[in-house]
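The values are calculated or read from the model by the stated rules, or taken from the named source; none is laboratory data. None of these values were measured; they are calculated from a predicted model. Cβ placement follows ideal geometry from the backbone for every residue including glycine, while neighbour counts extend to all protein chains displayed. We work out accessible area using only protein heavy atoms, side chains counted, and drop any ligands, DNA or RNA first. Shrake-Rupley method; radii C 1.70, N 1.55, O 1.52, S 1.80 Å.
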Amino acid sequence: MTQNRVQIVILCEDLQQQVFASHFLKRRGFNIHPKNLTIRTSPKGKGAGEQFVRNHYAAEVKAYRRKNYRSGMLVVLIDADNETVKATLKELDNALIENSQELRKPDEKIAIFVPKRNIETWIHYLQGETVDEETEYSKSNNESACKPSVENLVNQCYQGLEENAPPSLQAACEELQRLLPL
């Protein structure tokens, strides 16, 4: 099956994560088109984005498994905020357990990307800044401005991230293996 026919669901907190994820997938060769893309983003002004993702994660996994999941993928972005990446992933695992579902299996194309602090940490790093995962970096008023940074990430995931890359971004490049081996 070609990548063009893959049904993609992106579950994320906000427009910045949506733009980041969809542009990354597009640069990786996926045909990002309304016919094969479903985006679930927290409604602006309706509560915490990470809560939205946690509340919808189990339902999206169930829908993915109900369909012929070999022809689709679920891409999840959720900020770790002040938690650890491991704790954030555990919360999503618990959401599956609470809904009587099995945890993710290695052959399922369900990838969870967890920027520590938030997605802006990754964007600022990819723009060449020295970052840490405790500082809250400024958001852009133009979400599309991250696209050159995303293109840097596509290249760096192929070639390997530098040692000073945020650990959550290193984990994201490893998680990418669930969708498409590098």
Index of the failed condition, residue 91 passing every other in (1) among the charged types (D, E, K, R); (2) modelled with pLDDT under 95; (3) within 21 Å of residue 13 (Cα to Cα): (2)
Boolean, residue 149 is in contact with a Lys or Arg (Cβ under 6 Å, 6 or more places away or on another chain), in contact (Cβ under 8 Å) with a residue 12 or more places away in the chain and not in a loop (DSSP other than H, G, I, E, B): no
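Would you mind finding the one in 64, 57 that is crowded, with 17+ Cβ neighbours inside 10 Å, of a type in the set (Ser, Thr, Tyr) and touching a helix residue (DSSP H, G or I) at 6+ places or on another chain (Cβ under 9 Å)?
Numbers: 64 fails: touching a helix residue (DSSP H, G or I) at 6+ places or on another chain (Cβ under 9 Å).
Sole residue among the options that is crowded, with 17+ Cβ neighbours inside 10 Å, of a type in the set (Ser, Thr, Tyr) and touching a helix residue (DSSP H, G or I) at 6+ places or on another chain (Cβ under 9 Å): 57.
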Pull up the stretch 89-144, narrow it to residues that are part of a loop (DSSP other than H, G, I, E, B) and aliphatic (A, V, I, L, M), then point me to the one that is surrounded by the fewest Cβ atoms within 10 Å (Cβ to Cβ). 103
Taking the residues in the stretch 67-85 that are at pLDDT below 85 and under 15 Å from residue 111 (Cα atoms) as candidates, determine which candidate is surrounded by the most Cβ atoms within 10 Å (Cβ to Cβ). 69
Over the stretch 16-42, the set of residues open to solvent by 60 Å² or more (accessible area, probe 1.4 Å) and either within 21 Å of residue 156 (Cα to Cα) or part of a loop (DSSP other than H, G, I, E, B) (or both) is 26, 27, 31, 33, 34, 35
